[in-house]
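Below you'll find the structure, written out as structure tokens, and then a few comments.
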Amino acid sequence: GQQVMQIPQYQHVQEGEDFTTYCNSSTTLSNIQWYKQRPGGHPVFLIQLVKSGEVKKQKRLTFQFGEAKKNSSLHITATQTTDVGTYFCAGRGTGFQKLVFGTGTRLLVSP
Amino acid sequence: GAVVSQHPSWVICKSGTSVKIECRSLDFQATTMFWYRQFPKQSLMLMATSNEGSKATYEQGVEKDKFLINHASLTLSTLTVTSAHPEDSSFYICSARSERGETQYFGPGTRLLVL
């Protein structure tokens, strides 16, 4: 079945440093979504990417969908303590299949 | 954005009892609802997909007699954990999707602790 892996599993940065998490799918995706889950909270939808090579920005967050639609990345510029949480990518295969969540990257930001 | 609620937000029960969790879409009609389970520091694992008025589709390894799902209306799905045991303790999260939408809206989750 479809598998979605993320690296790194965990990253600890100083406030102001940049952060990137990478998402790789075993199969081609029709779209990919990114979620943020704060400690003790539930996943909150951040963005959806659909087109090959698509890049979207939300303030300090930059999302990218690979050309082959099998990988994606989330880059945070100048992290803040409010960025703490686990970031999940979630990919949907072709044919409107179920959403498969990645393994997640836990981000810790020290002031 | 769309709102999905879950009730209860947390529950503690004795081993052997059954627990019902409700998931409601508050401002849209959810033709499809999904139930996920998340263990501490792990990802969300899809348990089952339910479509309004039909039987749920369970993922491999998920016991349908253990986790009963009922999607009786376009705004309500329920998950009943029957004869709960300590290993069923987890964070259960539902999400809902409208007929034409690809975005899934997640509920706040239910923390279940079975003693």
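The values are calculated or read from the model by the stated rules, or taken from the named source; none is laboratory data. Just so you know, these numbers come straight off a predicted model, no measurement behind them. Glycine also receives a Cβ, built like all others from the backbone with ideal geometry; neighbour counts cover every protein chain displayed. With ligands, DNA and RNA removed, areas are computed over all heavy atoms of the protein, side chains included. Shrake-Rupley method; radii C 1.70, N 1.55, O 1.52, S 1.80 Å.
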Bins of 5 Å, beginning at zero and ending with the bin holding the largest distance: percent of Cα pairs per bin for chain A, please.
2, 14, 24, 25, 19, 10, 5, 1, 0
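Can you pull the Kirkwood radius for the protein assembly as shown, inverse mean 1/r over Cα pairs, to one decimal in Å?
Values: mean 1/r = 0.0552 Å⁻¹.
About 18.1 Å, per the Kirkwood formula over Cα pairs.
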Would you look at the GNM of chain B, springs on alpha carbons closer than 10 Å, and say which of B:E22, B:E63, B:E52 moves the most?
B:E63
Ballpark to the nearest 100 Å², how much total accessible area do B and A bury together, probe 1.4 Å?
1500
Relative contact order for chain A: what percent, with Cα pairs under 8 Å and sequence separation of 6 or more?
38
3J(HN,Hα) from dihedral phi, the range A:67-76, Karplus parametrisation 6.51/-1.76/1.60, rounded to Hz, x for glycine, proline:
4, 8, 6, 10, 9, 8, 9, 10, 10, 10
Rh_Kirkwood(chain B) over Cα pairs, Å, one decimal, evaluates to 13.9
Residues of the range B:25-43 with backbone nitrogen within less than 14 Å of a virtual label 7 Å along the Cα-to-Cβ line of B:H7, please, listed as ranges.
B:25-26
Quick calc, the protein assembly as shown, dipole around Cα centre from Cβ unit charges on Lys, Arg (+) and Asp, Glu (-), nearest 20 debye, gives 120
If every Lys and Arg gets +1 and every Asp and Glu gets -1 at its Cβ, then about the Cα centre the range A:1-105 yields a dipole, in debye to the nearest 20, of 400
So how far, in whole Å, is the C-alpha centre of the range A:27-99 from the one of the range B:8-42?
24
